[in-house]
Each structure stands twice: as structure tokens, then as C-alpha cells.
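What follows is a single structure, written as C-alpha cells, with notes after it.
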Amino acid sequence: MSGGRSHWVHSFRHAIQGIAEALRSERHMRFHMAAAALVVALALALKVPLTQWPWLFAAIAAVWTSELINTAIERTVDLASPQTHPLAKTAKDAAAGAVLVASLFAAAIGCIVLGPPLWKLCFG
């Protein structure tokens, strides 16, 4: 039993290291982290109903997940194809496109969830 738990802890540690490395090395990941913190702080300040929080968390998770996958793809492509290659560019562009799609989804969710309470606060 303890071997299974040790493996789980090891895997968890590697995952945390991957997130930490992405935060250290990727400017966009740091931007997304700051944006998520701002969204959570704003939602708390606006007293967003608990029923709306899963939407915010799903949007944040989608962006972080796509950014982490984008980073993994970029690093793997750079390792496999250090020289410029059309397929390498296509892979990197598609991964970046996934981040864009997730970010647009998150922006839409932000407008839907935070827009009405912000409107009410600003314009009564």
C-alpha cells in the first residue's frame, strides 16, 4: 500500500514542479495567474453567488490547462526540431490557438458571471 501512496506523492510533486516551472518561464502563464487572482478577488468582492463559481473555476482551469499543454508542446517541438520546420510551426501555432480559444471562453464567462453585478454596482 505505501508504495502506491509514494508513487502518488511523487507524481503530484512532479505536476507541481511542472506548474511552477511554467510560471517561472512563461510570461503568459504569469499573466493568466494574475488574471485568475483578479477574477477571484472581484467575484468575492461582488459576492457572486456560489452557483456561478463553478463557471469561473472552469474558465480558469481551461486557460491554465491549455497554457500548460501549450508550454509542453513548445518545449517538445523545440527539442525534436531545433531548426525551423513548417510542421513544427504548425504544431506550435495550433497549441497557441488552443490557449486563445480557452482565453476567449474565459472572457465570455467573465462577462456573463461578473458583468451583471458590476453593472449593478456601477450604474445601480
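All told, Ala72 falls short of being out of contact with any Ser or Thr (no Cβ under 8 Å at 6 or more places or on another chain), within 30 Å of Leu50 (Cβ to Cβ), at pLDDT 95 or above and of a type in the set (Gly, Ala, Ser).
If you scan the range 33-54, which residues turn out to be of a type outside the set (A, V, I, L, M) and free of Cβ contacts under 8 Å to residues at least 40 places away in the same chain?
Taking the range 33-54 first, the residues of a type outside the set (A, V, I, L, M) are 47, 49, 51-54.
Passing the criteria: Pro49, Thr51, Trp53, Pro54.
From the list Ile69, Ile60, Ile73, pick out the single residue that is hydrophobic (A, V, I, L, M, F, W, C) and touching a residue at least 40 places away in the same chain (Cβ under 8 Å). Only one candidate qualifies: Ile60. Being part of a helix (DSSP H, G or I), open to solvent by less than 50 Å² (accessible area, probe 1.4 Å) and among the β-branched types (Val, Ile, Thr) is a condition met by no residue of the range 85-97.
Being open to solvent by less than 70 Å² (accessible area, probe 1.4 Å) and either at pLDDT 95 or above or touching an Asp or Glu at 6+ places or on another chain (Cβ under 6 Å) (or both) is a property that Val63 has. Candidates Leu121, Leu104: the one that is part of a helix (DSSP H, G or I), of a type outside the set (Gly, Ala, Ser), open to solvent by 80 Å² or more (accessible area, probe 1.4 Å) and free of Cβ contacts under 8 Å to residues at least 40 places away in the same chain is Leu104. Per the conditions (1) under 18 Å from the mean Cα position of the chain (by Cα); (2) modelled with pLDDT under 95, the sole criterion not satisfied by Trp8 is (1). Among the numbered conditions (1) open to solvent by 30 Å² or more (accessible area, probe 1.4 Å); (2) over 17 Å from the mean Cα position of the chain (by Cα), the only one that Gly115 does not meet is (1).
The values are calculated or read from the model by the stated rules, or taken from the named source; none is laboratory data. Given the structure is predicted, the values throughout are model-derived calculations rather than measurements. Counting neighbours? That spans all protein chains shown, and the Cβs are built from the backbone with ideal geometry, glycine included. Areas reflect the complete protein model, heavy atoms only, side chains present, ligands, DNA and RNA absent. Shrake-Rupley method; radii C 1.70, N 1.55, O 1.52, S 1.80 Å.
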